[in-house]
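Since the structure comes first, as structure tokens, the remarks are kept for the end.
The values are calculated or read from the model by the stated rules, or taken from the named source; none is laboratory data. Note that the structure is predicted; figures quoted are calculated from it, not measured. Quick reminder, even Gly has a Cβ in these numbers, built from the backbone with ideal geometry, and neighbours come from all protein chains shown. Ligands, DNA and RNA are excluded from the accessible area calculation, which covers all protein heavy atoms including side chains. Shrake-Rupley method; radii C 1.70, N 1.55, O 1.52, S 1.80 Å.
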Amino acid sequence: MSTTPYTFIQAGDKYIISLENHCEIVEAIATFCRDNNITAGIVGGIGAVNTATLRFFNPSTKKYIDKTFTEQMEIANLTGNISTLHGNIYLHLHATFGREDYTALAGHLLTATLSGAGEIVIERIDATLPRRFSPEIGLNIYDL
């Protein structure tokens, strides 16, 4: 894998990105955002992975439950947003993965490794979207 895990073209405020096979998706998107000074935006994507760790937030305990799946899966949908937390890029991504038996898995995306194509679209938002931790909710929320 090259040092830059993506290629892209820009069309106005939209970036069409092809991620390099076998890269870790969340880190590749964060790298792209840092490289292109994108601190606020919307993310969408499709592709295929062979491992993914999803998170489920339990509001009563205010904790995430993580589960890793290791199998070939289609990214049926990747959606989320880009903001900042303490001045650093903060990605909030959710994913739906299709399995070989046509069932689906979904949740907050912690990590995933591409095994096939990774096609991502980012739309830059010309705004500042900082986050702060909410003790009441137990999550990092927009601080607007």
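Only one residue in Arg131, Arg124 is within 20 Å of Val43 (Cβ to Cβ), out of contact with any His (no Cβ under 9 Å at 6 or more places or on another chain) and surrounded by 17 or more Cβ atoms within 10 Å (Cβ to Cβ). Which one?
Working: Arg131 fails: out of contact with any His (no Cβ under 9 Å at 6 or more places or on another chain).
After applying the criteria, what remains is Arg124.
In the range 98-114, the residues that are closer than 20 Å to Glu24 by Cα and open to solvent by 40 Å² or more (accessible area, probe 1.4 Å) form Cβ pairs under 9 Å with partners that are outside any strand (DSSP E or B) and of a type in the set (Asp, Glu), at six or more places apart or across chains, as follows: Thr111/Glu27. For the range 31-44, filtering for residues that are closer than 24 Å to Glu74 by Cβ, open to solvent by 10 Å² or more (accessible area, probe 1.4 Å) and out of contact with any Pro (no Cβ under 9 Å at 6 or more places or on another chain) leaves 2. Scanning the range 1-21 for residues that are assigned to a loop (DSSP other than H, G, I, E, B), among the charged types (D, E, K, R) and open to solvent by 70 Å² or more (accessible area, probe 1.4 Å) returns a single hit, Asp13. Listed by first and then second residue, the pairs with beta-carbon distance under 8 Å, at least 6 apart or on different chains, first residue in the range 125-139 and within 15 Å of Asn81 (Cα to Cα), second in a loop (DSSP other than H, G, I, E, B) and among the hydrophobic types (A, V, I, L, M, F, W, C), are Ile125/Ala40; Asp126/Ala40; Ala127/Ala40; Thr128/Ala40; Leu129/Ala40; Leu129/Leu144.
When you check Ile89 against the structure, is it part of a strand (DSSP E or B), out of contact with any strand residue (DSSP E or B) (no Cβ under 6 Å at 6 or more places or on another chain) and β-branched (Val, Ile, Thr), yes or no? Reasoning before the result, please.
Numbers: part of a strand (DSSP E or B): yes; out of contact with any strand residue (DSSP E or B) (no Cβ under 6 Å at 6 or more places or on another chain): yes; β-branched (Val, Ile, Thr): yes.
When the stated conditions are applied, Ile89 passes them.
Output yes when any residue across the range 22-29 is open to solvent by 10 Å² or more (accessible area, probe 1.4 Å) and assigned to a strand (DSSP E or B), and no when none is. Yes; the residues of the range 22-29 include at least one that is open to solvent by 10 Å² or more (accessible area, probe 1.4 Å) and assigned to a strand (DSSP E or B). The residue list Ala117, Ala112, Ala106 contains one member that is in contact with a Ser or Thr (Cβ under 6 Å, 6 or more places away or on another chain) and of a type outside the set (D, E, K, R), which is Ala106. Within the range 45-86, the only residue that satisfies the criterion of being open to solvent by 80 Å² or more (accessible area, probe 1.4 Å), in a loop (DSSP other than H, G, I, E, B) and among the polar types (S, T, N, Q) is Ser60. Just to be sure, is Arg34 over 30 Å from Asp101 (Cα atoms), out of contact with any Ser or Thr (no Cβ under 6 Å at 6 or more places or on another chain) and outside any loop (DSSP other than H, G, I, E, B)? Yes: the conditions hold for Arg34.
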